[in-house]
Amino acid sequence: MKEIPKAYNPQDVEDKIYKKWEDSGYFNPDNLKLAEKADYFSISMPPPNRTGTLHTGHAIMLAYQDLMVRYNRLLGKKTLWLPGTDHAAIATQAKVEKELYKKEGKTRHDLGKENFLQKVVEFAEESKNIINKQVRKMGSSCDWSRERYTLDEGLTHVVKKAFIKMHEVGLIYRGDRIVNWCPHCMSTLSDDEVEYQETKGKFYTFKYAEDFPFAISTTRPETKLGDTAVAVNPKDKRYKKYIGQTFTINIGAGEQKIKIIADDSVDMKLGTGALGVTPAHSMIDYEMAQKNNLPVIKVIGEDGKMTALAGKKYQGLYVLAAREKLVNWLEEKGLIEKEEEIDMNLSVCYRCSTAVEPLPSKQWFIDVNKKITLTDNKYFQNKSIKEAALGVIKDREIKIIPQKFEHDYFRWLENLRDWCISRQIWFGHQIPVWYKNKGRLNEEIFVGMNAPKGKHWVQDEDTLDTWFSSGLWTFSTLMDKSFVKYNSWEDWVKGSKDLEFHPTSVMETGYDILFFWVARMIIQTTFMMGEIPFETVYLHGLVRDEKGRKMSKSLGNVVDPLDLIKKYGTDALRVAMITGTSAGADTRLYDEKVEGFRNFVNKLWNISRYILTSVSEIKRIKDKPQVKTLADEWILSKLDLVIEQVTKDLDKFNFSPASDVLRDFTWNDLADWYLEISKIEKDKDEILLYILERLLILWHPFIPFVTEAIWENFEADDLVMVQSYPKAEKRVKEAEEFNLIVDIISLIRNLRAENRIEPAKKVNVKLIGGKNVKLLNDQGEIIKGLARIDNLEILNKGEKPGQSVGGVVSGVEVYILLEGLVDKAKETKRLTKEIESIKNYISRLEKKLGNQEFVKNAPKEIVDKEKVKLKEQKEKLQKMEEQLKSIK
RNA sequence: GGGUAUAUAGCUCAGUGGUUAGAGCGUUCGGUUCACAUCCGAAAGGUCAAUGGUUCAAAUCCAUUUAUACCCACCA
């Protein structure tokens, strides 16, 4: 007999086990021994950013996905979990820039594009290695042979194809628009990359000039240097007479012509009810300017400083300095009427928290409203991107769990504006567009896979939004890495065997990137493939600290998943993150919680140790062993119920309840009760092994390491990760269960009588579904305190099932209410009560309807309604009576 | 400003119209050489946020209120 350590030590086994898994080749579906017509199950791993290390968000995602993947693999499906990483353009570049500045005091421009990119690539490679090591540490059973990277050759090729195809049908266009500009990253941002911070701001009310007829209000006086109009509400009597007039002012930028325009969107109550229109630096103002044909004057540059158009006095100043200077000047001139402190939301860059500057700029956009028709694509038959992406969720082709997020998804899409996809970043997919004579009148543009022939073609310097490539992730990763042998896109798609795993089965990710990523995958995949990217979206919540706060460096409450793994083991961390939470709900993670599951893992280890060391021979038990006592029958039927419940829960993505059920069975029923019995009633080897074997498989998706480590004791057999999932046997008849309980109670009495259990000690009666036996008097009221078995007269075995077990305590008649597994008594009682209640109701209804006066006088609808009710209740009654009969 | 959640034991959470509302942790008490102190047993602890309504029956459905969280918009 092999020595099994007293306590489970994850550190000793995890790496070894992972290596064993990886060496087995079973992460790769091609190596699974499968039934011929096996279904597939596939998940694309959301690629972690190559920006450093994994955090708890990654850990929870890996735990969920590995759980689903292992479960489906055990079910015998052709299972693929495809790993990879994301280059994360802005994020990665920003990180390297920060390091560079910290270490060498240099900017990317000091290094030059080539040298800088070299550094980024090195950093990204290093990050990848760290990340992949950590993904392994989490026990992820993903197929490393299929690992992909958003910047690898194949994917880059797909990205270009996507751009070109979208351009061809007119979805991608180049245009002048107001974009969100981050002066620090020196790049555009999409609307979703802008965040808001609550800040205190000053709300100034002033006149442009002494002779200007009224004052305007703003929080950003410096932008007023670029004003070309003042907008007022057309209903506003104060200003009606000025509409259409033009005034000339000079606040430092030279002569500015200000036209008074009317616009419904102006709030008459806010400030003076007059709004200075700065077309170049506000989205709304820009729209007004378009409507009214106003000039756009750009007074703030890409570097966040005032431009020449802002006037000599202000040129070159940062916006805040310019603001101060202008306000001082206005004060001197006595033009300021009011200065108020207000709370406002400042737009900031989601990467570097720099204030975002809206700027007019020429960029590439995806048109979300243009209707297009594509051959062989059912989603795009005179449909826009918006409509197609709405349709797949509305038609429930894609299911979102939890469903409440569908609402958010719809609202986001409905309000979606054209998506700006060009970024002024060096690291990423360079836009596949070449120019000749860029910016001149005779400019030529070429869009294609490679540079066109001929001289003087220069490729667009910009790169694509990182989400443009991630949006293609589910299918691009399944296409052959090498496309060289294919002549066309169609050939490539046809020749890529792995596309059999597409659409992927599940997309599991955090709800925080529903818009960023999930929505874009839907958009781009339906467009490129005429296929949905995934069938189900499972969204998990954010991981928070013990107090429910977001983890952040500044709060110092960041939990490193690796620390927890070191302390408690991967299994404990995994199950701690999944238990006690539901889809879309945030999870709190803290030491005590993980510790609790470490204790459980150790418990399972010891249960196994006990069984494996006490049986005479360790072997697999294929068929249900022979039942010798009622305790055997009980534990085996309980196991069946557990299998049934767990399977049902996992199929419905209810992970937490599944682990609860398993834990309850393992700890309360098996360890605390049945193992104790087995010490007295001998000859239970087969049953113990039978249960252990199945229990390990059931637990495996949750806690893969410890289950595999224990499984190693079944030496002759393959890994637990490729066993077949247990199926529930036919449920034993309820009467048997009933008798079983009675017998177990008898058993306890006998044990007492033989002095094998101390008579004074209260007996553990948790055997019944983990619940206590409670005593009721004949009124059905609880007699406080636990049933002392000593005081009970156990019923005869022949007692009719469906009734409580009765007895006498101190002269009072009592009933044991059997809860949990055997709930016949409970169910009977409940049904009887309900039936009585409904009967009562029915008789009242009948009486009412039998009353001629009521039928005559009451409105017809009410009478009809009552009739319908009566019918419904009668049906219900019948159902219940049948139910009651079936129980009896 | 618009929206979406959430509110159940000291804490973290189950409970998806039907008995007497549950679990884990924590607390208190008792035990423990014999698989496990990373253990075992027991107890205490609840106006199910408030109010009103629907229903034969409400923690559960509806409305209002209060509190909290998140998302979106606006930022004149």
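The values are calculated or read from the model by the stated rules, or taken from the named source; none is laboratory data. Bear in mind that the values here come from a model prediction, so they are computed numbers and not experimental data. We place every Cβ from the backbone using ideal geometry, glycine too, and count neighbours over all the protein chains shown. What goes into the accessible areas is simple: the full protein's heavy atoms, side chains included, and nothing from ligands, DNA or RNA. Shrake-Rupley method; radii C 1.70, N 1.55, O 1.52, S 1.80 Å.
Can you check what the net charge comes to around residue A:100, using other residues whose Cβ is under 14 Å from the Cβ of residue A:100 (Lys, Arg +1; Asp, Glu -1)? Net charge around residue A:100: +3. Per residue, the average separation of C-alpha pairs within less than 8 Å and at least 6 apart gives chain A a relative contact order of 12 percent.
Enclosing the Cα atoms of the stretch A:624-738 in their convex hull gives a volume equal to 114 cubic angstrom per residue.
Grab the alpha carbons of the stretch A:478-573, take their convex hull, and tell me the volume per residue in Å³. Mind dumping the intermediate values first?
On the way: hull volume 16.6 nm³, N = 96.
Spelled out: Cα convex hull of the stretch A:478-573, divided by residues, is 173 Å³.
So what is the diffusion coefficient of the stretch A:622-692 in µm² per second by Stokes-Einstein at 20 °C and 1.002 mPa s, using a Kirkwood Rh over Cα pairs?
Numbers: Rh = 12.8 Å.
D = 168 µm²/s.
Listed here are the pairs A:207/A:291; A:160/A:378; A:370/A:652; A:103/A:161; A:103/A:133; A:622/A:679; which of them are more than 31 Å apart at the Cα?
A:370/A:652; A:103/A:161
With all protein chains in place and a 1.4 Å probe, the accessible surface of the stretch A:11-145 carries 49 percent carbon and sulfur. Averaged over residues, the count of other Cβ atoms within 10 Å places the peptides A:181-189, A:223-231, A:619-627 in the sequence A:223-231, A:181-189, A:619-627, highest first.
What whole-number value in Å² describes the accessible area per residue of the stretch A:438-555 for a 1.4 Å probe? Write out the running numbers ahead of the final one.
Numbers: 5280 Å² over 118 residues.
On a per-residue basis, the stretch A:438-555 sits at 45 Å².
Near residue A:499: Cβ cut-off under 11 Å, other residues only, Lys/Arg at +1 and Asp/Glu at -1. The net charge is -2.
Checking every one of the GluC sites (Glu not before Pro) in the stretch A:552-633 against DSSP loop status and a limit of 14 other Cβ atoms within 10 Å picks out A:617.
Using the per-residue mean of other Cβ atoms lying within 10 Å as a proxy for protection, in what order, highest first, do the peptides A:246-256, A:28-38 fall? Let's see the in-between values first.
Working: A:246-256: 15.9, A:28-38: 12.9.
Result, highest mean first: A:246-256, A:28-38.
Around the amide H of residue A:400, modelled in the peptide plane, lie the amide H atoms of A:537, all under 5 Å away and 5 or more residues distant in sequence or on another chain. Accessible area per residue for the stretch A:1-83 is 43 Å², calculated with a 1.4 Å probe on protein heavy atoms, without ligands, DNA or RNA.
How would you rank A:855-866, A:524-535, A:428-439, highest first, on the average number of other Cβ atoms within 10 Å across their residues?
Details: A:855-866: 11.5, A:524-535: 21.6, A:428-439: 17.9.
The packing order, highest mean first, is A:524-535, A:428-439, A:855-866.
By the gyration tensor of its Cα atoms, with a ≥ b ≥ c the square roots of the eigenvalues, what is the shape of the stretch A:359-510: rounded for a/c under 1.5, prolate for a/b over b/c, or oblate? It is oblate, given that a/c is not under 1.5 and a/b is not larger than b/c. Both radii are taken from the alpha-carbon atoms of the stretch A:190-334; with Rh as the Kirkwood radius, Rg/Rh is 0.95. Suppose the Debye formula is applied to equal point scatterers at every Cα of chain A; what is log10 I(q)/I(0) at q = 0.05, 0.10, 0.11 Å⁻¹? Here log10 of I(q) over I(0) equals -0.44, -1.16, -1.28. Surface composition of the stretch A:544-662: carbon and sulfur atoms hold 47% of the protein heavy-atom accessible area at a 1.4 Å probe. Cα gyration tensor of the stretch A:34-101, axes a ≥ b ≥ c as square roots of the eigenvalues: rounded (a/c below 1.5), prolate (a/b > b/c) or oblate? Here the stretch A:34-101 falls in the prolate category.
Count Lys and Arg as plus one, Asp and Glu as minus one, and take only other residues whose Cβ is under 12 Å from that of residue A:873; the net charge is then +3.
Do the sum for chain A: with -39,500 (n - 2.57) for every DSSP H run of n ≥ 4, divided by all residues, what is the mean residue ellipticity at 222 nm, to the nearest 500 deg cm²/dmol? Display every interim value, and only then the final one.
Working: 26 runs with 348 residues, N = 888.
Computed ellipticity for chain A at 222 nm equals -12500 deg cm²/dmol.
Lysine pair count for the stretch A:294-369 (Cα-Cα distance under 26 Å; residues 8 or more apart in sequence or on different chains): 17.
Our summary gives the stretch A:355-456 a relative contact order of 23 percent, counting only alpha carbon pairs under 8 angstrom and 6 or more residues apart.
Can you classify the stretch A:585-657 as rounded, prolate or oblate using the Cα gyration tensor, where a ≥ b ≥ c are the square roots of its eigenvalues, rounded means a/c under 1.5, and otherwise it's prolate if a/b beats b/c and oblate if not? Could the numbers behind the result be given before it?
Details: a/c = 2.82, a/b = 1.46, b/c = 1.94.
The shape class here is oblate.
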